[in-house]
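A quick write-up on the structure given underneath.
The values are calculated or read from the model by the stated rules, or taken from the named source; none is laboratory data. Note that the structure is a prediction, hence the values are computed from the model and not measured. Glycine gets a Cβ as well: all are built from the backbone with ideal geometry, and neighbour counts include every protein chain shown.
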Amino acid sequence: MNAQAFAPLAQPNARYSRITGTGSHLPPRRLSNDDMTALLAQRGIETSDAWIVERTGIRARHFAADGVNCSDLALPAARAALEAAGRTADDVDLIIVATSTPDMVFPSTACILQDKLGANGCMAFDMQAVCSGFVYALSVADSMIRGGMARCALVIGSEIFSRILDFNDRTTCVLFGDGAGAVVLEASAEPGILATDMHADGRHVGILCVPGTVSGGQVLGDPLLKMDGQSVFKLAVGVLDSAARAVLERAGRTEADLDWLIPHQANIRIMQSTARKLKLPLSKLVVTVDEHGNTSAASIPLALDTAVRSGRVKRGDTVMLEGVGGGFTWGAVLLDF
Ligand code: ACO
């Protein structure tokens, strides 16, 4: 947006947070379902465009080149969001990168990105809530802005899931892709974020996980993604509905007030079921899973930026963001854009 959002606030208690810019980035290498079919055929594994489209709605995904890291995808997304907000790196006082595929064990990808952006000195940390990471990060940034700890936050989801896929497991490797999405969230006298609702249930750790770890100079255990797809599917449909209703109630709004639903882009069937439960026409559902696949923490900001830049999501629209993923974690954010 513009610098006016930074006008001094008459009352500190009337402080809200509002998205003032969005950005995203996809690595150039695009693999269609036919490309994936050919890739898996080299390993003697069968899949098809028809199976993938029918079960998931995915038609393509992007994979990062060797040597490209999570912060490299986050950087152009962050720059695009800053430009859209009319901000520079000097304005940023908080960076949160939601990711499960960081550049290294430590320091955080947020610190690495901070240096690449030239925003050194501000607070920077990673958020690990798998595919719910972006809504968790947005909720934390909103609380910190409303609490007076920050005024201009960069909130980013960035992932290179292609690095943790098991290309011998056709039930998972066709589902995921790489990418990054970012928003600038600023202190504002006007809302902004209306309500958030975040949850986790650690009893379900095993249904979606990368169980390996680094210890004693070695990778211990399996460092590739494992998923019980049907359990994830059933849980996701239930929790997305309850989180949606919770934020609407908290904000004193109803389903009829929603202009757009932007759920985590994992599977078109989960997304459409969420929209139907809210009695939303499917025309209000933002879908990018077809072209991006599941980019975990990056999927929601990637979809938001795509919808903003295509002119669908406009200033003043009421938007519901919903995340769900490993942990098991889930959450919703209701906002006036
Ligand atoms: N190509 C062809 N056949 C396949 C493939 C494939 N890529 N994958 C599985 N199959 C076969 C199976 O082997 C099985 O064959 P069988 O009947 O001969 O045993 C058959 O297809 C059906 O397999 P199911 O696993 O029962 O398929 P299902 O309809 O459950 O779809 C899917 C699987 C797409 C993974 C689905 O369960 C799903 O979408 N779950 C939710 C996943 C999700 O949303 N994850 C992300 C959320 S969290 C996060 O983003 C990290």
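Just checking, which of GLY326, GLY293 is more than 24 Å from ASP34 (Cα to Cα) and either modelled with pLDDT of 95 or more or over 15 Å from the mean Cα position of the chain (by Cα) (or both)? On inspection, the qualifying residue turns out to be GLY326. Of the strands (runs of 3 or more DSSP E) lying entirely inside segment 126-207, those containing at least 1 residues that are among the hydroxyl-bearing types (Ser, Thr, Tyr), in contact with an Asp or Glu (Cβ under 8 Å, 6 or more places away or on another chain) and touching a residue at least 12 places away in the same chain (Cβ under 8 Å) span 193-200. Inside segment 166-184, residues that are within 8 Å of the ligand (Cβ to nearest atom) and among the β-branched types (Val, Ile, Thr) make up a count of 3. The single residue among ALA246, ALA189 that is at pLDDT below 95, more than 16 Å from the ligand (Cβ to nearest atom) and either among the aliphatic types (A, V, I, L, M) or within 29 Å of VAL319 (Cα to Cα) (or both) turns out to be ALA189.
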